[in-house]
Amino acid sequence: MSIWHRITTDKAHGKLFGVCSGLAKAFGYSRLGVRCVAVLGLLFMPVVTFTIYATAAVLLPTRQQA
């Protein structure tokens, strides 16, 4: 299965919309690390980071609970 089919939002472990936790699960990183990168992105490139995050929150499917 392609990596693009595994990327979902994980609202069970998410703080806002579950985008960072979904990306962390898909790529095998820690949720805290992905969130730190997102916050750094918001500090240094706020328009780009916010646009990407908002787009991902709207377009990514929600992870199905097993």
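The values are calculated or read from the model by the stated rules, or taken from the named source; none is laboratory data. Please read these numbers as outputs of a predicted model, since none were measured by experiment. Here the Cβ is made from the backbone with ideal geometry for all residues, glycine too, and neighbour counts use every protein chain on show.
Do the conditions hold for His5, that is, is it assigned to a helix (DSSP H, G or I) and at pLDDT below 90? Considered against the rule, which asks whether it is assigned to a helix (DSSP H, G or I) and at pLDDT below 90, His5 comes out as yes. Within the stretch 38-62, restricting attention to residues that are assigned to a helix (DSSP H, G or I) and in contact (Cβ under 8 Å) with a residue 24 or more places away in the chain, the residue that is farthest from Asp10 (Cα to Cα) is Tyr53.
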